[in-house]
1. Find the residue count for region 132-157, including only residues that are in a loop (DSSP other than H, G, I, E, B), closer than 21 Å to GLN206 by Cα and not basic (Lys, Arg).
2. Considering each of THR4, THR19 in turn, give the residue that is open to solvent by 10 Å² or more (accessible area, probe 1.4 Å), modelled with pLDDT of 85 or more and of a type in the set (S, T, N, Q).
3. Please go through region 180-225 and pick out each residue that is of a type in the set (Val, Ile, Thr) and in a loop (DSSP other than H, G, I, E, B).
4. Please go through region 164-185 and pick out each residue that is buried (at least 22 other Cβ atoms within 10 Å of the Cβ) and either more than 17 Å from ILE219 (Cα to Cα) or of a type in the set (Phe, Trp, Tyr) (or both).
5. Return the residues of region 31-62 that are at pLDDT below 90 and charged (D, E, K, R); say none if nothing qualifies.
6. If I ask for residues that are open to solvent by less than 60 Å² (accessible area, probe 1.4 Å) and either closer than 20 Å to PHE151 by Cα or hydroxyl-bearing (Ser, Thr, Tyr) (or both), which ones from region 196-217 would you list?
7. I need the full set of residues from region 129-179 which are at pLDDT below 90 and within 16 Å of GLU31 (Cα to Cα), in order please.
Amino acid sequence: MVKTRQKNFRAFIFVEGDTEETIAYIAKNLELLKSLLLVFAYPLKEHYAPLLEYLNAEGFHFVQANNTEKLGLESNMMKESHKIASIDVAQTQMRDSISPAQTANTNFAVNAESQSALELPDSTHAQDTLVLHRTIRSGEEIITRGDITIFGRINSGAHIQSDGNVQIFGVISGNVFCNGTYMILGKVGEGNILFQGEILDKTLLQYPYNKVYKKQDSIIIEELR
């Protein structure tokens, strides 16, 4: 008898990168990446032995793939976000001082949606803004194709993911993933912020309300006045 379980999971895909820069990147973003499945779109051969040792020592869950096509990552996806079936892909290139390596963040929907997730259906029409006037509880997931505005705090263990713009007027202790053109964020505590595929340094989100956007391919963080 075959027994199966239906489950959503999120994966962080490493498209390329050498051993030292990859370890440095993972160590810098340890808190967030430990909650994800790490997928390496290239084989970790002999010269990646230190990376494999590090991943095993830290208790990461990871898999290897022989090529990006098996992950639904076609060549044109290396430059921008795309959606294929139930897989959402956001391409990123690390832009901090430690690494030029390329990664991608992916949300996999496997067989069925998680019971804890609220996901808006896809549409060919413009998406209305989802507005919530409440606290997002631990373990709660909200995934939307359009913009989202939340007047309330994001508790630790909560997850917000939007293909549109994100506005959160409350303390953020959970994870927020945004593929839109801008974010407005309240105070960021224990939370992790992913903007257009790039993990943001939380020490830069120092204002009561932070405005995050891209200008000439660089992420800008400034105080919302």
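The values are calculated or read from the model by the stated rules, or taken from the named source; none is laboratory data. In this text the structure is predicted, and so the values were computed from the model without any measurement. Because the Cβ atoms are built from the backbone with ideal geometry, glycine has one as well, and the counts that use them run over all protein chains shown. Surface areas here come from the heavy atoms of the whole protein model, side chains and all, with no ligands, DNA or RNA. Shrake-Rupley method; radii C 1.70, N 1.55, O 1.52, S 1.80 Å.
1. 4
2. On the way: THR4 fails: modelled with pLDDT of 85 or more.
THR19 is the lone residue from the list that is open to solvent by 10 Å² or more (accessible area, probe 1.4 Å), modelled with pLDDT of 85 or more and of a type in the set (S, T, N, Q).
3. Keep residues of region 180-225 that are of a type in the set (Val, Ile, Thr), which gives 181, 184, 188, 193, 199, 203, 212, 219-221.
The answer is THR181, and nothing else.
4. ILE168, ILE172, GLY174, ASN175, PHE177
5. Correct list: GLU31, LYS34, LYS45, GLU46.
6. Result: LEU205, ASN210, VAL212, TYR213.
7. GLY157
Residue-by-condition table, conditions (1) over 12 Å from the mean Cα position of the chain (by Cα); (2) among the hydroxyl-bearing types (Ser, Thr, Tyr); (3) more than 22 Å from GLY157 (Cβ to Cβ):
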site: THR181; (1), (2), (3): yes, yes, yes
site: GLY189; (1), (2), (3): yes, no, no
site: ASN192; (1), (2), (3): no, no, no
site: GLN196; (1), (2), (3): no, no, yes
site: LEU200; (1), (2), (3): no, no, no
site: LEU204; (1), (2), (3): yes, no, yes
site: TYR213; (1), (2), (3): yes, yes, yes
